[in-house]
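Structure, as structure tokens:
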Amino acid sequence: MGFDDKFGGGRGGGYNSGPRQMFDVTCSDCGKATQVPFKPMEGRPVYCRDCYMKHKGDSGSRY
Ligand SMILES: [Zn+2]
């Protein structure tokens, strides 16, 4: 009970209101260390913000 009380009660609420968890990744394009707000999947490229925008625009206009 003590354990549960410690985690349930204390400071600042639920799963959604806390600070967003960030994951350290390396950009598949430029190789820069960056962070993403989702858990990167194995085998999938992850991009830093700049490259993400770049690729997003690129695939949109190219195909
Ligand atoms: Zn990048």
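Descriptive notes on the structure:
- Taken together, the criteria exclude Pro45 from residues that are more than 12 Å from the ligand (Cβ to nearest atom) and either in a loop (DSSP other than H, G, I, E, B) or modelled with pLDDT of 90 or more (or both).
- Pairs where the first residue, in the stretch 28-46, is over 17 Å from Lys56 (Cα atoms) and the second is surrounded by 11 or more Cβ atoms within 10 Å (Cβ to Cβ) and of a type in the set (D, E, K, R), C-beta under 8 Å, 6+ apart: Thr34/Arg49
The values are calculated or read from the model by the stated rules, or taken from the named source; none is laboratory data. Values in this document were obtained by computation on a predicted structure and should not be read as measured data. Neighbour counts are summed over all protein chains in view; Cβ atoms, including those assigned to glycine, are modelled from backbone coordinates with ideal geometry.
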